[in-house]
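Undergrad: Quick one: this structure, given as structure tokens, is what I'll be asking you about.
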Amino acid sequence: MKALFIVLIFASIAIGFWQLAKIFGTTKNDQVATKKENNINGWMMLFLLAFVHGLLIYCMVAYGDVLLPNLSASTEGEGIDLLFKVTFGLILFVQFFTQILIFFFAFKYRGNIDRKATFYADSHKLEMIWTSIPAIVLTILVGFGIYTWDNVMDVSNQKDPIYIELYAKQFQWEARYAGTDNTLGEANVRNIKGINTMGVDMNDKNAQDDITVLHEMHLPKGRKVIFQYRSQDVLHSAYMPHFRAQMNCVPGMKTYFGFTPSVTTKEMRKNQDIIDKVQGINKIRAQKSKELEAQGEDSLEPYTFDYLLLCNKICGSSHYNMQMKIVVEEEADFNKWLSQQKTLASKIN
Amino acid sequence: MSHHKQTFVTKYIFSTDHKMIAKQYLITGIIMGVIGGFMSMLFRLQLAYPEQHFTILEAFLGKGGEGGQMTPDMYMGLVTIHGTIMVFFVLTAGLSGTFSNLLIPLQIGARDMASGFLNMISYWLFFLSSVIMVASIFVHTGMASAGWTIYPPLSALPQAMSGSGLGMDLWLISMAIFIAASLLGSLNYIVTILNLRTKGMKMTRLPLTIWAFLITAIIGLVSFPVLLSAALLLIFDRSFGTSFYLSDIFIQGEVLHYHGGSPILFEHLFWFLGHPEVYIILLPALGITSEVISTNARKPIFGYRAMIGSMMAIAFLSTIVWGHHMFVTGMNPFLGSVFTFTTLLIAIPSAVKAFNYITTLWKGNIQFNVAMLFSIGMVSVFISGGLTGLILGDSALDINVHDTLFVVAHFHLVMGVSSLLGMFAGVYHWFPKMFGRMMNKKLGYIHFWLTIIAAYGVFFPMHFTGLAGLPRRYFSNTAFPLFDDLAPINVVITWFALLGGFAQLIFLGNFFISAFYGRIAIKNPWRANTLEWTAPVEHIHGNWHGDIPEVHRWAYDYSKVDENGNAYEQDFAPQDMPIRAGEEEF
């Protein structure tokens, strides 16, 4: 029965091909394009214009809620956000303008047997216009961009920063606070032993008061935090999207990035963008929970907002689940939390 | 031209004829495209429906899709090989290999490539590398899965992921052979264009396709050897215990002996090819588009010299912008500023090209055949995708979108989809030249309209998942409740992707049936000016019976008027037509 079925399928495919082949061999459609084809496709160009712009507008409206909040959680991120808005505005303008020109011209000048094309091959004036206008706009954009970049990346000469090391490995983050001396002790993977999972050099006097934590990292509001990044195995990338912060963790090398947290976790939970996003997420989770319950499985917990550290450089099988929770709080609360954590030295002894 | 006796083997397999080699490149490229494209369908299913079971996954992926669900390792392998195949095997060899081989001798008026033998070697090396790449998919420990950029140490250490075992070895060997093939091809293209032009074919009369192939070959020659050296050093690190890229590594409970190397070195070497590679892919597509748009708008391409100038500017700049892939690697921030500057400069020649295309459409008499539709779509997608480069090329903005799906959406539009559309335009336009038959137009129209809608439908929403902070190469985003609300967007993207995949089946059917049963083509079906349309429809060794035609004008005399402003009877003037009485050469 099954064999017969397969034979029938192949037979019908063969007949289909044979029929198609006959059509291919006889259809007289090899003139460049008929009047009808020019008309239909010309009008379709207008449809495509509407589709491209409509889709873009739809995405901006419908997906507005899922984006990162407008409010940057770090002071340095504000500069980045401003630059982003300016650039994105420019992109939208040019996108709308040029796509309209392309598809409208394609529609308007669709082929017509009674008309001849205009022989127009060059114009220095026009070429000058569309070389110099982008050049001017880009000069401004480059200047603005480099200014913002320098502000973000410069971690020298900071007033009273705190130093934290972020340590990456397959597939976990660890953090190390510099302690009372505010200096991180030296470290190398060759020192890794037992509980000293970050390879801190315990002979270094700066390392004695270093505090290590897993799973959850706290940051004080309003103080510059300078991160030192290390990795023990492969490349990772420490991505903290709400703070507009990202830096790769490179084995054999230290990298640096700094920012000043400006919004505590509690404050961020009250931000309207976040409230909207959390609501949207919980709607989806509630629906999923119903399905899960119907199958006799546990339902999902409702989601509350937290800052996150994600891995953003492909690092192996569990790359998609390498995360750490970040809590931003007032400095007093932060100090209290930190004083409750144990130093690495005390854990080892 | 002496005519050798040709056996089946010398005619169809080890052929030294550029037209046959072009067809070999195209067919190999299409087969690789089917493999690479099909992989993307599979992982799009996973991304849209991470919790569902699909028998199709188990059927195709075996152990990697046990019970109908994809494993993370399989996902990484699929995205890696999808990227590699699409970038190198389809859009580099499939696109440039096909059209450089087909068009260079025919459009410059040469009997064949400068060295037909090297040309044959080049194809067969490419074929060998394709076979090895496809074979690597089936190795027991899994295919290479460190991403198409294969950054060490992940790609260097089999302990780090199982795909970095034999799969990675085969990947590296395949790429080394591929690069050799590409270099042989490039040398041949350059030498042929510079030396074998027919009488009257000055450099300033070359069609823009040839200019694009020439500049592409030059960038390839400059940058591909650097990737080869990067790959060789990685082979050394993997197999001979050197430490070029590795240092201070502790993995699976032991410290490895590597000392003093840096993965950043690999990134520099990789992207020194990697960025020019974008233009190696894009320029031939832009060249094809220039030719097709001019022919079918029945107008000269606007700003011929500016087009060449901007291609040269793009080529030059492309070799000094690689650092924009590395803004957040820990590279000196000052370098970040320099690379931001050079990167954003590329927007200027790109803008010139875009506006020149638009002006070419203006006041044309546009013939919407299938190739023309794909070309217009290409220009549209090139702009849509290129504009977001202003965000990614700006170091300060790159911090927060680096390695997110925003990047994926950007480069798929600007180099993936737009080059693919350019390639389709080329296939539809030169199909009669390749196979002596016409493709079916109605199926072509359906193919175009489904493809363009699917392309935008996939990649516009994808930008927004990236702006929401979703990293690329995540097997699933269910580990983060933060991303739960992106699930519906992922479903939309996947359905558009499936639509796009379906549309390519129409193309495949049309292509292969037309190649055997299509209507016999006439000599110059598009009423075009370039020399290849003066050659006979049937393929002969040496391209032209008798003498090679002599060239008297540039390739874009469409709808020209005489000194009194009157139109000529025929709205095109082939390059071999002598200047008419009272006509001025442009």
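Undergrad: Name the residue, out of B:Gly518, B:Gly501, that is more than 30 Å from B:Arg205 (Cβ to Cβ) and facing another protein chain (nearest Cβ under 10 Å). Show your work before the answer.
TA: On the way: B:Gly501 fails: facing another protein chain (nearest Cβ under 10 Å).
It is B:Gly518.
Undergrad: Shifting gears a bit: What number of residues in the stretch A:150-182 are away from chain B (no Cβ under 14 Å), surrounded by 15 or more Cβ atoms within 10 Å (Cβ to Cβ) and free of Cβ contacts under 8 Å to residues at least 40 places away in the same chain?
TA: 1
Undergrad: Scanning the stretch B:390-403 for residues that are within 7 Å of chain A (Cβ to nearest Cβ) and not in a helix (DSSP H, G or I), which turns out surrounded by the fewest Cβ atoms within 10 Å (Cβ to Cβ)?
TA: Just the residues of the stretch B:390-403 that are within 7 Å of chain A (Cβ to nearest Cβ), to begin with: B:390-391, B:394-397, B:399-400, B:402-403.
Then keep just the ones that are not in a helix (DSSP H, G or I); that gives B:394, B:402-403.
Values: B:Asp394: 28, B:His402: 27, B:Asp403: 23.
Checked the stretch B:390-403; the qualifying residue surrounded by the fewest Cβ atoms within 10 Å (Cβ to Cβ) is B:Asp403.
Undergrad: Right, next: Within the stretch A:61-76, which residues are more than 8 Å from every other protein chain (Cβ to nearest Cβ) and not β-branched (Val, Ile, Thr)? If you could, list the steps in order and put the result at the bottom.
TA: Initial filter on the stretch A:61-76 (more than 8 Å from every other protein chain (Cβ to nearest Cβ)): A:61-62, A:64, A:69-76.
Listed by number, the residues that qualify are A:Ala62, A:Gly64, A:Pro69, A:Asn70, A:Leu71, A:Ser72, A:Ala73, A:Ser74, A:Glu76.
Undergrad: Another question about this same structure. Please specify each residue of the stretch A:154-196 satisfying the condition of being out of contact with any strand residue (DSSP E or B) (no Cβ under 6 Å at 6 or more places or on another chain), assigned to a loop (DSSP other than H, G, I, E, B) and under 27 Å from A:His319 (Cα atoms).
TA: A:Gln170, A:Phe171, A:Asn188, A:Gly194, A:Ile195 - these are the residues of the stretch A:154-196 that are out of contact with any strand residue (DSSP E or B) (no Cβ under 6 Å at 6 or more places or on another chain), assigned to a loop (DSSP other than H, G, I, E, B) and under 27 Å from A:His319 (Cα atoms).
Undergrad: Search the stretch A:35-51 for residues that are touching a residue at least 24 places away in the same chain (Cβ under 8 Å) and pair each with any residue that is surrounded by fewer than 15 Cβ atoms within 10 Å (Cβ to Cβ) and of a type in the set (A, V, I, L, M, F, W, C) when their beta-carbon atoms are under 7 Å apart and the residues are at least 6 apart or on different chains.
TA: Once the first residue is touching a residue at least 24 places away in the same chain (Cβ under 8 Å) and sits in the stretch A:35-51, its partners that are surrounded by fewer than 15 Cβ atoms within 10 Å (Cβ to Cβ) and of a type in the set (A, V, I, L, M, F, W, C) give A:Lys35/A:Ile113; A:Leu49/A:Ile100.
Undergrad: Checking B:Ile452 against (1) surrounded by fewer than 24 Cβ atoms within 10 Å (Cβ to Cβ); (2) touching a residue at least 60 places away in the same chain (Cβ under 8 Å); (3) facing chain A (nearest Cβ under 8 Å); (4) assigned to a helix (DSSP H, G or I), which single condition isn't satisfied?
TA: Tallying (1) surrounded by fewer than 24 Cβ atoms within 10 Å (Cβ to Cβ); (2) touching a residue at least 60 places away in the same chain (Cβ under 8 Å); (3) facing chain A (nearest Cβ under 8 Å); (4) assigned to a helix (DSSP H, G or I), B:Ile452 fails exactly one: (1).
Undergrad: Within the stretch B:283-320, can you find the residues that are among the aliphatic types (A, V, I, L, M), closer than 24 Å to B:Ser100 by Cβ and in contact with a Leu (Cβ under 9 Å, 6 or more places away or on another chain)?
TA: First, pick out the residues of the stretch B:283-320 that are among the aliphatic types (A, V, I, L, M): B:283, B:285-286, B:288, B:292-293, B:297, B:301, B:306-308, B:311-315, B:317, B:320.
Applying the additional criterion that residues be closer than 24 Å to B:Ser100 by Cβ yields B:283, B:285-286, B:288, B:292-293, B:301, B:306-308, B:311-315, B:317.
Within the stretch B:283-320, B:Ala285, B:Leu286, B:Ile288, B:Ile293, B:Ile301, B:Met307, B:Ile308, B:Met311, B:Ala313, B:Ile314, B:Ala315, B:Leu317 qualify.
Undergrad: Quick one: is B:Glu58 surrounded by fewer than 20 Cβ atoms within 10 Å (Cβ to Cβ), under 20 Å from B:Ser136 (Cα atoms) and among the charged types (D, E, K, R)? Before you say what the answer is, go through the steps one by one.
TA: Numbers: surrounded by fewer than 20 Cβ atoms within 10 Å (Cβ to Cβ): yes; under 20 Å from B:Ser136 (Cα atoms): yes; among the charged types (D, E, K, R): yes.
Taking the combined requirement at face value, the residue satisfies it.
Undergrad: Report yes if B:Thr92 is within 22 Å of the chain's Cα centre (by Cα), buried (at least 23 other Cβ atoms within 10 Å of the Cβ) and within 30 Å of B:Ile540 (Cβ to Cβ), otherwise no.
TA: Numbers: within 22 Å of the chain's Cα centre (by Cα): yes; buried (at least 23 other Cβ atoms within 10 Å of the Cβ): yes; within 30 Å of B:Ile540 (Cβ to Cβ): yes.
The answer is yes for B:Thr92.
Undergrad: Listed residues B:Ile150, B:Ile108, B:Ile104; which is buried (at least 18 other Cβ atoms within 10 Å of the Cβ) and within 14 Å of chain A (Cβ to nearest Cβ)? First the steps, then the outcome.
TA: Working: B:Ile108 fails: within 14 Å of chain A (Cβ to nearest Cβ); B:Ile104 fails: within 14 Å of chain A (Cβ to nearest Cβ).
Being buried (at least 18 other Cβ atoms within 10 Å of the Cβ) and within 14 Å of chain A (Cβ to nearest Cβ) holds for just one of B:Ile150, B:Ile108, B:Ile104, which is B:Ile150.
Undergrad: Another question, if that's okay. Take the residues in the stretch A:319-349 that are among the hydroxyl-bearing types (Ser, Thr, Tyr) and either crowded, with 16+ Cβ neighbours inside 10 Å or at pLDDT 95 or above (or both), then tell me which one is farthest from the chain's Cα centre (by Cα).
TA: Within the stretch A:319-349, the first condition is being among the hydroxyl-bearing types (Ser, Thr, Tyr), and the residues that meet it are A:320, A:339, A:343, A:346.
Right, trim to either crowded, with 16+ Cβ neighbours inside 10 Å or at pLDDT 95 or above (or both) and you get A:320, A:343.
Details: A:Tyr320: 14, A:Thr343: 34 Å.
That would be A:Thr343.
Undergrad: Kindly indicate whether any position in the stretch A:197-210 is more than 12 Å from every other protein chain (Cβ to nearest Cβ), β-branched (Val, Ile, Thr) and not in a loop (DSSP other than H, G, I, E, B).
TA: Within the stretch A:197-210, the subset more than 12 Å from every other protein chain (Cβ to nearest Cβ) is A:200-210.
Retained after the next criterion (residues that are β-branched (Val, Ile, Thr)): A:200.
Subsequent filtering for residues that are not in a loop (DSSP other than H, G, I, E, B) retains A:200.
Within the stretch A:197-210, one or more residues are more than 12 Å from every other protein chain (Cβ to nearest Cβ), β-branched (Val, Ile, Thr) and not in a loop (DSSP other than H, G, I, E, B).
Undergrad: In the stretch B:233-250, how many residues are closer than 11 Å to A:Val250 by Cα and either without any contact (Cβ under 8 Å) to a residue 60 or more places away in the chain or surrounded by fewer than 18 Cβ atoms within 10 Å (Cβ to Cβ) (or both)?
TA: First, pick out the residues of the stretch B:233-250 that are closer than 11 Å to A:Val250 by Cα: B:245-249.
Those still in the list that are either without any contact (Cβ under 8 Å) to a residue 60 or more places away in the chain or surrounded by fewer than 18 Cβ atoms within 10 Å (Cβ to Cβ) (or both) too: B:247-248.
Number of matching residues: 2.
Undergrad: Here's another thing I want to ask about it. Would you be able to say whether some residue in the stretch B:21-35 is under 26 Å from B:Leu499 (Cα atoms), in contact (Cβ under 8 Å) with a residue 60 or more places away in the chain, out of contact with any strand residue (DSSP E or B) (no Cβ under 8 Å at 6 or more places or on another chain) and of a type in the set (Ser, Thr, Tyr)?
TA: yes
Undergrad: Small (Gly, Ala, Ser) and outside the structural domain of A:Lys313 (by TED's automatic domain parsing): is that true of A:Gly252 in this structure? Explain how you work it out, then say what you get.
TA: On the way: small (Gly, Ala, Ser): yes; outside the structural domain of A:Lys313 (by TED's automatic domain parsing): no.
Criteria not met by A:Gly252.
Undergrad: Looking for something under 23 Å from the mean Cα position of the chain (by Cα) and in contact (Cβ under 8 Å) with a residue 12 or more places away in the chain - is there at least one such residue anywhere in the stretch B:482-492?
TA: First pass over the stretch B:482-492, keeping only residues under 23 Å from the mean Cα position of the chain (by Cα): none.
Checking the stretch B:482-492: not a single residue is under 23 Å from the mean Cα position of the chain (by Cα) and in contact (Cβ under 8 Å) with a residue 12 or more places away in the chain.
Undergrad: Another question about this same structure. Out of A:Gly89, A:Gly79, report the one residue that is of a type in the set (Gly, Ala, Ser) and either in contact (Cβ under 8 Å) with a residue 40 or more places away in the chain or facing chain B (nearest Cβ under 7 Å) (or both).
TA: Numbers: A:Gly89 fails: either in contact (Cβ under 8 Å) with a residue 40 or more places away in the chain or facing chain B (nearest Cβ under 7 Å) (or both).
After ruling out the rest, the residue left standing is A:Gly79.
Undergrad: Shifting gears a bit: For the condition in contact (Cβ under 8 Å) with a residue 60 or more places away in the chain, more than 7 Å from chain A (Cβ to nearest Cβ) and either closer than 15 Å to B:Asp394 by Cα or not hydroxyl-bearing (Ser, Thr, Tyr) (or both), what is the one hit in B:Phe374, B:Phe339, B:Phe368? Full working, then the answer.
TA: Numbers: B:Phe339 fails: in contact (Cβ under 8 Å) with a residue 60 or more places away in the chain; B:Phe368 fails: more than 7 Å from chain A (Cβ to nearest Cβ).
Among B:Phe374, B:Phe339, B:Phe368, only B:Phe374 is in contact (Cβ under 8 Å) with a residue 60 or more places away in the chain, more than 7 Å from chain A (Cβ to nearest Cβ) and either closer than 15 Å to B:Asp394 by Cα or not hydroxyl-bearing (Ser, Thr, Tyr) (or both).
Undergrad: Can you pull out every residue in the stretch B:207-263 that is acidic (Asp, Glu) and assigned by TED's automatic domain parsing to the domain that holds B:Ile108? Can you show your working first?
TA: The first filter runs over the stretch B:207-263 and keeps only residues acidic (Asp, Glu), leaving B:237, B:248, B:254.
The one that is acidic (Asp, Glu) and assigned by TED's automatic domain parsing to the domain that holds B:Ile108: B:Asp237.
Undergrad: Within the stretch B:173-204, track down each residue that is over 19 Å from B:Asp112 (Cα atoms) and at pLDDT below 95. Before the answer, list the steps.
TA: Filtering the stretch B:173-204 for residues over 19 Å from B:Asp112 (Cα atoms) gives B:173-180, B:204.
Once the filter is applied, which keeps residues that are over 19 Å from B:Asp112 (Cα atoms) and at pLDDT below 95, the stretch B:173-204 yields only B:Thr204.
Undergrad: Just to confirm my filter: which helices (runs of 4 or more DSSP H) fall fully inside the stretch B:15-84 and include at least 2 residues that are over 16 Å from B:Ser145 (Cα atoms)? Spell out the reasoning first.
TA: Working: elements: B:18-48, B:55-61, B:72-84.
Ranges flagged: B:18-48, B:55-61.
Undergrad: Right, something else. Of all residues in the stretch A:103-136, how many are at the interface with chain B (Cβ under 7 Å from one of its Cβ atoms), within 20 Å of B:Glu291 (Cα to Cα) and free of Cβ contacts under 8 Å to residues at least 40 places away in the same chain?
TA: 10
The values are calculated or read from the model by the stated rules, or taken from the named source; none is laboratory data. Nothing here was measured: the structure is a model prediction, and the numbers come from that model. Cβ sites come from the backbone with ideal geometry, for glycine too, and all protein chains shown count toward neighbours.
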